[in-house]
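Following: one structure in structure tokens, then a few remarks.
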Amino acid sequence: MSLRKNIMVSDMLILASASPRRKQLLGQIGVKPFSISAANIDETPLKAEKPSEYAKRMAYEKAQAIAHCHNEKYVLAADTVVATGRTILPKAETQDDVRKSMTHLGGRNHRVYGGICLILPDGLTRHRLVETRVFMRRLSQGELSAYCASSDWKGKAGGYAIQGNAAQYIKKISGSYSNVVGLDLYSTAQLLKGAGLSLE
């Protein structure tokens, strides 16, 4: 099937994510999805699954879950994974979660993997995997307690949002900043344009 060119993305794209960060990021490059539909899938990592493989699989399964109901649209999904080595850090849901994550990340390098998946109306699937290295300095006990008492970390992979209060603890990054926020914009734009969607 030959792809039509210059299809307006706002008419055809479904974002398979409830993340307000991803919606905001897409807005930076002029992309307003036709609709947003969060995928309800099992996000349990497989035994011995590498963080990079997990990020790719989650993005694919999220996109696939929504594409089944919208086979006439383009479906975009993403997943963000924070990891040290083969250890995947969970999304922080409690103060205990964030305390453990921030203590673990402090004073060391970690990696943020961004899996991106675009499923086209003809069923063709396109993937990207983006990796960013991040160095977070060690937090004092006072800083850690203050951060845990905030709400900045809730639901965030690894217990922090680089665009939020935790930015003051990030000494350096190597790679895509938007990937750490939740969606690498360069790779996403290339996927959409390559599929014949116009961002203008």
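Here, each number is a calculation from the coordinates, and none is a lab measurement. Just so you know, these numbers come straight off a predicted model, no measurement behind them. Heads up, the Cβs are rebuilt from the backbone with ideal geometry, glycines too, and the neighbour counts pull from every protein chain shown.
About its Cα centre, what dipole magnitude does the range 97-200 give when the only charges are +1 on Lys and Arg Cβ and -1 on Asp and Glu Cβ, stated in debye to the nearest 20?
Values: 14 positive and 7 negative charges, 102 e Å.
That gives the range 97-200 a dipole magnitude of about 480 debye.
If each DSSP helix of 4+ residues adds -39,500 (n - 2.57) and the sum is divided by the residues in the chain, what number results at 222 nm, nearest 500 deg cm²/dmol?
Working: 7 runs with 65 residues, N = 200.
Rounded to the nearest 500, the figure is -9500 deg cm²/dmol.
Treating the beta-carbon of each Lys and Arg as +1 and of each Asp and Glu as -1, no other charges, what is the dipole magnitude of the chain about its Cα centre, to the nearest 20 debye? Numbers along the way, then the final one.
Numbers: 28 positive and 17 negative charges, 122 e Å.
The dipole magnitude comes to about 580 debye.
Rg/Rh for the range 1-138 to two decimals, with Rh computed the Kirkwood way over all alpha-carbon pairs. Could the numbers behind the result be given before it?
On the way: Rg = 16.6 Å, Rh = 16.2 Å.
The Rg/Rh ratio comes out at 1.02.
Fully extended, how many nm does the chain gain between Lys193 and Lys50 (0.36 nm per residue separation, minus their Cα-Cα distance)? Could the numbers behind the result be given before it?
Details: separation 143, 0.36 × 143 = 51.48 nm, distance 2.95 nm.
The Lys193-Lys50 span can extend by a further 48.5 nm.
Just need the Rg to Rh number for the range 129-200, please, alpha carbons only, Kirkwood Rh.
Details: Rg = 15.5 Å, Rh = 14.0 Å.
Reported Rg/Rh (Cα atoms, Kirkwood Rh): 1.11.
Could you pull out every residue, at least 5 positions away or on a different chain, whose amide H is within less than 5 Å of the one on Ser198? Hs are placed 1.01 Å off N in the peptide plane, and Pro or chain starts have none.
Excluding prolines and chain starts, which carry no amide H, the hits are Asn6, Ile7, Met8, Val9.
If the reach is capped at under 28 angstrom between alpha carbons, list the lysines near Lys23, excluding any in the same chain fewer than eight residues apart.
Lys5, Lys32, Lys50, Lys56, Lys62, Lys73, Lys91, Lys154, Lys156, Lys171, Lys172, Lys193
Treat the count of other C-beta atoms within 10 Å as a stand-in for reagent exposure and order Glu143, Glu61, Glu72 from fewest to most. Spell out each step's value before the answer.
Working: Glu143 15, Glu61 18, Glu72 7.
Ascending Cβ contact count within 10 Å gives the list Glu72, Glu143, Glu61.
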